[in-house]
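The values are calculated or read from the model by the stated rules, or taken from the named source; none is laboratory data. Please read these numbers as outputs of a predicted model, since none were measured by experiment. Glycine gets a Cβ as well: all are built from the backbone with ideal geometry, and neighbour counts include every protein chain shown.
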Amino acid sequence: MNLKNIIKRLFLLDAHYPRSIISFTLLLTIFFMWKINELKIDPGLRSLVPKDHKIVKNMELAEDLFSSNEIVVIAVESENLISEQILGKYSSLHDSLVNIPSVSRVASIYSQKYIVPDDGGFEIQKILNKIPEDSLETSAFIEKIQASEIIGSLISAELNIMCFIAQITAPTDFDEIAFRENLFQIIDSFKGIEDIYIASSIISAAESIDSVKRDMRTFTPIALGLMILLLILSFRSWTGTFLPLFVVGFSILWTFGLMAWLDISVPIIGGLIPIMLIAIANNYGIHIISHYYEFTKLDINLDRVEILKRTMKRLGMPIFLAGFTTVISFLSLVTHELSKVREIGLLVSFGIAVSFFLSLLLIPAILILVPRPTYLGKEKSLETVNNFLVNWGKFFVKNRVPFLAVLFSIMFIFSFGIRDITIDTVPDNYFPKDSKIRRSSAVISEVFGGSTQLNILIEGDIYDPLSLEHIDKLMSHIKEKNSIVSSTYSIADVVKKMHYSFHNGNADSLKIPSSRELIEQYMFLYSIAGEDNDFDLILNDTDDPNYSQGFVRIKKVSTVDLMALVDDTEDYIKSNYYDGQPINPMLSGPAALLGAVSHSVIRGQIISLGIASIILFSIMALVFRSLIGGVLASLPMLLAVILIFGLLGNFSIPLNMTTSLLTCILVGVGIDYSVHFLWHLREHLREGDNLDDAISNTMKVSGKGILFNGISVIVGFSVLMFSVFMPLKEFSILIMASIGFCLIGGMAILPALVSLVKPKFLYK
């Protein structure tokens, strides 16, 4: 059974059982809606990466050993910071932070210790034993600050900003939003004349999901309202207005219902699903209604069933091809390395498939039962639009050579911007430059070296001098090779400091001791003077440690620099630490995860675009039984891809998690206009029209559907231009520009090319 017969049988179902189809659709909708309120939100970066990724496994191991893999930096600025009042006030903040369930420990001037040389050894002193009450105690406190080397890490050089570094236990199911609410509630209780800044990838993730949720609550109804207005203006009837929207609504409900039934959590980019379906899922219904109204206008007395039969005969195959190619385009995302992007691809494909089948079944079933708009019988109905489209087509046919020459020249010049494409997956950069989160991050980066951390998980005999030398060498390489690194910290630094203090501050002794026994003695002496948990972050066991953890603090930088740091560190580890070496270093922490995500975004973009383009070209070539047909159908879409990448480079719009979905949408939706134009053009030629008349009739009969579809997609995504969440804002601008270009491609480029080339496949 071929596709034409399948489509014919689907229509026979509509003709004989319209009420049954409507009832069955409603029952399925109730089924999918049953668990929709159980949907969960997952804003974390880790969920984007497959569970078997080495970085994720390293982070899970680090959590088991050290109970911390993330940090939150809270900075307090005051002109009177070193005063009894301010220091006394914020000592309570330190205690409050420690009591947050997810916080394993807090580093600040209230808790920090330092090693002091002593006769025959060293002692461990707290920087702040008590709040200074007079100038003498204040002077002594400042001397301790300077001696302890915490300037730039816990307090500014001007002594006007101090910070609290909270170590966070953040497992896979960590609730960023709940943590942020708890933290902000505490911070709010300390607000006064002092300025308080907070920076962390955790806070950025929570702010991101809040922004997306807020935008979706705001913009989804606005997008629906604009779509209703557009459909009213286009069709001037309730059937033309609401039937496509019924399909959109059902596809959204079924998609989110499926997520609930399969227990799939919604990632940050999942907020785009309803907007994408609003913009895309109504396309097939618009084509059906546009042709149904056009055929009705030609013969107002014809039976509704007969008109629908003609409509489906004319539209069945191009709608199937348009729906199939769009589904294939989104399914290409299953090749993506990021698991949540793969899920998005599958879910949107499901939603589009639902809208496609409902357009073929539900819309005709309803149209059979309801009367046609009375205005369709009037002679002048829609003539203005028809005349515009016909004249539009004639203009580009007549001026095809200069038009194509100018177009390809502009595209050639524009393509140079591709070289300047950047990538940005740093959550802080998803917000406007003047936002509080960006300003806080900038202050903390400038004063304390940033809030992003690369963790180095190290396996080996940690008290072995050779192991410590290798750790020291690794951390020194990272610091010296990468300008974005503000500081490093490891057990090697602690041991060197103890050795240095034990030798009364002799500069030559700031090194790793050569004796294991001496290292163990230092640790024993520290254990007597210090506290049991002093080494919890860097040693899994103080008696016989076989794992250690090093920390690399990173300034506020671009994703490219971060990727370079991660790549350089990985290369250094591979080159120097193979089987048989004293230590086995492993990358962990949020910075390593960001690096992995960034690489995956780039590779996923290239692979999914390549696969989708090859498959769709092959489908078009097979459908039209011509390589030229495949080229013509794919060309506007490929030119739009060049346009979108040119826009990314020329206007410094970074490639990120959201914009990486652009090409998939563009390829899937953009080729629809070419399919409809070429298919209907061939039909008119087969009916005996010459080429010029065939182009005019195609523009007249099918052009409205193409035009209304393109405008609906642009209108659907336009609401995101007003988002404060930069990825959504940039996504909106780019998709509107590229879909607009694809629309021009189907209604200007193709008429011009076809009239110039006169391809033989159209006459077969």
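Of all residues in the range 214-247, those being at pLDDT 85 or above and touching a Ser or Thr at 6+ places or on another chain (Cβ under 7 Å) number 1.
Residues Ile695, Ile644, Ile653, Ile671: which one is touching a Leu at 6+ places or on another chain (Cβ under 8 Å), of a type in the set (Val, Ile, Thr), at pLDDT below 85 and under 23 Å from Phe396 (Cα atoms)?
Just a single option satisfies the conditions, and that option is Ile671.
Among the residues of the range 465-477, at least one is buried (at least 20 other Cβ atoms within 10 Å of the Cβ), modelled with pLDDT of 90 or more and small (Gly, Ala, Ser). Considering only residues that are within 19 Å of Leu457 (Cα to Cα) and of a type in the set (Ser, Thr, Tyr), look in the range 487-542 and name the one that is modelled with the lowest pLDDT. Among them, the one singled out is Thr542.
Among the residues of the range 581-593, is there at least one that is small (Gly, Ala, Ser) and out of contact with any strand residue (DSSP E or B) (no Cβ under 9 Å at 6 or more places or on another chain)? Can you show your working first?
Taking the range 581-593 as the starting set, the residues that turn out to be small (Gly, Ala, Ser) are 588-589, 591-592.
Then keep just the ones that are out of contact with any strand residue (DSSP E or B) (no Cβ under 9 Å at 6 or more places or on another chain); that gives none.
No, because not a single residue in the range 581-593 is small (Gly, Ala, Ser) and out of contact with any strand residue (DSSP E or B) (no Cβ under 9 Å at 6 or more places or on another chain).
When each of Ile307, Ile352 is tested for being modelled with pLDDT of 80 or more, farther than 21 Å from Leu245 by Cα and either surrounded by fewer than 24 Cβ atoms within 10 Å (Cβ to Cβ) or in the same structural domain as Leu253 (by TED's automatic domain parsing) (or both), the lone residue that passes is Ile307. In the range 207-214 there is at least one residue matching the filter, namely being crowded, with 19+ Cβ neighbours inside 10 Å and under 24 Å from Phe32 (Cβ atoms).
So which residues in the range 722-743 are of a type outside the set (D, E, K, R) and over 20 Å from Gly670 (Cβ atoms)? Spell out how you get there, then give the answer.
The initial filter retains those residues of the range 722-743 that are of a type outside the set (D, E, K, R), namely 722-728, 731-743.
Passing the criteria: Phe722, Ser723, Val724, Phe725, Met726, Pro727, Leu728.
Every test in (1) assigned by TED's automatic domain parsing to the domain that holds Ile71; (2) farther than 28 Å from Glu79 by Cα is passed by Ile209 save one, and that test is (1). Restricting attention to the range 744-764, the residues being crowded, with 24+ Cβ neighbours inside 10 Å and under 18 Å from Val667 (Cβ atoms) number 4.
Are any residues in the range 142-161 under 17 Å from Glu84 (Cα atoms) and either of a type in the set (Lys, Arg) or surrounded by fewer than 19 Cβ atoms within 10 Å (Cβ to Cβ) (or both), and if so, which ones?
Going through the range 142-161, the residues under 17 Å from Glu84 (Cα atoms) turn out to be 142-145, 155, 159-161.
Listed by number, the residues that qualify are Ile142, Glu143, Lys144, Leu159, Asn160.
Tell me, which residue of the range 511-521 that is without any contact (Cβ under 8 Å) to a residue 40 or more places away in the chain and part of a helix (DSSP H, G or I) is surrounded by the most Cβ atoms within 10 Å (Cβ to Cβ)? Even if it seems obvious, please write down each step before you answer.
Step one: list which residues in the range 511-521 are without any contact (Cβ under 8 Å) to a residue 40 or more places away in the chain, which gives 511, 517-518, 521.
This time we only want the ones that are part of a helix (DSSP H, G or I), so: 517-518, 521.
Working: Glu517: 9, Leu518: 17, Gln521: 15.
Selected residue: Leu518.
The residues of the range 381-416 that are within 21 Å of Ile695 (Cα to Cα), without any contact (Cβ under 8 Å) to a residue 12 or more places away in the chain and β-branched (Val, Ile, Thr) amount to a single one, Thr384.
Could you say whether any residue in the range 370-381 is at pLDDT below 80, out of contact with any Pro (no Cβ under 7 Å at 6 or more places or on another chain) and surrounded by 23 or more Cβ atoms within 10 Å (Cβ to Cβ)? Scanning the range 370-381 turns up no residue that is at pLDDT below 80, out of contact with any Pro (no Cβ under 7 Å at 6 or more places or on another chain) and surrounded by 23 or more Cβ atoms within 10 Å (Cβ to Cβ).
Give the range 154-199 a look and list any residue that's at positive phi and hydroxyl-bearing (Ser, Thr, Tyr), or say none.
Of all residues in the range 154-199, those at positive phi come to 159.
Those that are at positive phi and hydroxyl-bearing (Ser, Thr, Tyr): none in the range 154-199.
Among all residues of the range 638-645, there is none that is within 20 Å of the chain's Cα centre (by Cα), crowded, with 21+ Cβ neighbours inside 10 Å and either more than 23 Å from Leu750 (Cα to Cα) or assigned by TED's automatic domain parsing to the domain that holds Thr559 (or both). Taking the conditions (1) surrounded by 23 or more Cβ atoms within 10 Å (Cβ to Cβ); (2) modelled with pLDDT under 80; (3) within 27 Å of Leu389 (Cα to Cα) in turn, Ile269 satisfies each one other than (3).
The residues on offer are Ile538, Ile528, Ile554, Ile512, and the sole one that is in the same structural domain as Leu466 (by TED's automatic domain parsing) and in contact with a Pro (Cβ under 8 Å, 6 or more places away or on another chain) is Ile512. Figure legend. Inter-residue proximity from the range 682-708: first residues of a type in the set (S, T, N, Q), second residues assigned to a loop (DSSP other than H, G, I, E, B), beta-carbon distance below 7 Å, spacing 6+ or different chains. Indicated pairs: Asn697/Asp689.
If only one of Gly740, Gly705 is outside any loop (DSSP other than H, G, I, E, B) and surrounded by fewer than 20 Cβ atoms within 10 Å (Cβ to Cβ), which one is it?
Numbers: Gly705 fails: surrounded by fewer than 20 Cβ atoms within 10 Å (Cβ to Cβ).
Answer to the check: Gly740.
So which residues in the range 454-494 are among the aromatic types (Phe, Trp, Tyr) and touching an Asp or Glu at 6+ places or on another chain (Cβ under 9 Å)? Break it down into steps so the answer makes sense when it comes.
Going through the range 454-494, the residues among the aromatic types (Phe, Trp, Tyr) turn out to be 463, 489.
Across the range 454-494, the qualifying residue is only Tyr463.
Of all the listed residues (Leu321, Leu361, Leu331), the sole one being in contact with a His (Cβ under 9 Å, 6 or more places away or on another chain) and part of a helix (DSSP H, G or I) is Leu321.
Would you call Leu457 touching a residue at least 60 places away in the same chain (Cβ under 8 Å), over 22 Å from Asn69 (Cα atoms) and in the same structural domain as Gly550 (by TED's automatic domain parsing)?
Working: touching a residue at least 60 places away in the same chain (Cβ under 8 Å): yes; over 22 Å from Asn69 (Cα atoms): no; in the same structural domain as Gly550 (by TED's automatic domain parsing): yes.
The answer is no for Leu457.
Check the range 620-642 and report whether any residue there is in a strand (DSSP E or B) and of a type in the set (A, V, I, L, M, F, W, C).
Initially, the range 620-642 is screened for residues in a strand (DSSP E or B), giving none.
Scanning the range 620-642, I find no residue that is in a strand (DSSP E or B) and of a type in the set (A, V, I, L, M, F, W, C), so the answer is no.
Given the options Ile456, Ile462, name the one that is crowded, with 22+ Cβ neighbours inside 10 Å and at pLDDT 90 or above. Every option except Ile456 fails the conditions. Only one of the numbered conditions (1) within 33 Å of the chain's Cα centre (by Cα); (2) among the small types (Gly, Ala, Ser); (3) at pLDDT 85 or above is not met by Ser47, and that is (3). Residue count for the range 522-555 satisfying the condition of being surrounded by fewer than 14 Cβ atoms within 10 Å (Cβ to Cβ), closer than 22 Å to Tyr114 by Cβ and among the charged types (D, E, K, R): 2.
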